[in-house]
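Readers should treat all values here as calculations from the given coordinates under stated rules, not as data from a laboratory. Predicted model only: the values in this text are computed from it and were never measured. Methodologically, a virtual Cβ is constructed for each residue, glycine included, from the backbone with ideal geometry; neighbour enumeration extends over all protein chains shown.
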Amino acid sequence: MSERPNRKPETGAFFARDRAWHAPALTPGYKTSVLRAPQRALLSLDGTISEITGPVFGHSIIGELDNDLILNYARPGESAIGERIIVHGRVLDERGKPVAGALVEFWQANAGGRYRHKKETYLAAIDPNFGGCGRAITDEEGRYHFRTVRPGAYPWPNGVNDWRPAHIHFSIFGHGFAQRLITQMYFEGDPMIWKCPIVGTIPDKAAIEQLIAPLDWGNTIPMDSRAYKFDIVLRGRRSTMFENRLEGN
Ligand SMILES: O=C(O)c1ccc(O)c(O)c1
């Protein structure tokens, strides 16, 4: 990880956004950012007590197969098609302390690069046994894990021939619903990462590298699944790059 000596000191409860680490809102190479980018100066609003303290979710919402995308949409006795993988890691705070009880949600395309979505237009086949969504709650050590198939890369209508690298979307909820961070995980060794216009909006190479999960050979299950490790750091100097990170979060 690169040192970033010019960063402001991290003191107190407020961690200012590092604009060199996070993608700017307006990045014309990523076409949809042009309409989404704010046209006026940003306002900074304090969180209200009700946003910070509630509503909260209960741990009982997690079902037995919620962290198993190979089976959670499959017909009985069947399973999703694709390369079987385990994705696991920890949710950590700015001091490297585990964040327990965070709701981690993930969604992805199937092994052919096709999403199960009404507006999806890519010609790759739907897998009848793959839904593409799951969730987990971090344990006392901040750990989460899920089983899935490695998603395929897919083309998208941005430039003439733009492709998204294989990736998994992540959402992390804190203890209130107003505390939500969203990012994407990529796979070690994928040459498509460096051709992607969305990845290309991230100014710092180290911020991109932190989104790339290494192959975790030690947690591979022989004759079953390979493993990838993806730690998520909520804030501070080693923060994961979040797509929706707000001022001060
Ligand atoms: O914001 C978008 O336009 C967009 C397009 C394709 C993706 O895979 C994605 O994650 C976002």
Determine the relative contact order of the chain: mean sequence separation of Cα pairs under 8 Å and six or more apart, normalised by residue count, in whole percent. 26
Which length gain, in nm to one decimal place, applies between Glu78 and Asp139 when the Cα-Cα distance is subtracted from 0.36 nm times their residue separation? 19.0 nm
So how strong a dipole does the chain carry about its Cα centre when Lys and Arg Cβ are +1 and Asp and Glu Cβ are -1, to the nearest 20 debye? 720
Take the alpha carbon atoms of segment 174-239, find their center, do the same for segment 52-81, and report the distance between the two centers in whole angstrom. 21
Most fluctuating of Ile198, Ile232, Ile49 in the GNM of the chain (C-alpha, under 10 Å) is Ile49
With a cap of 13 neighbouring Cβ atoms within 10 Å, and only residues DSSP puts in a loop, list the chymotrypsin sites (Phe, Trp or Tyr not before Pro) found in segment 112-214. Phe177
Using only alpha-carbon positions, what ratio does the radius of gyration of the chain give when scaled by 2.2 N^0.38 Å? 1.03
Determine, for the chain, the count of lysine pairs separated by eight or more sequence positions (or lying on different chains) whose alpha-carbon distance falls under 24 Å. 10
Distance in nm between pseudo-label sites at Asp190 and Val56 (7 Å out along the Cβ direction from Cα): 3.5
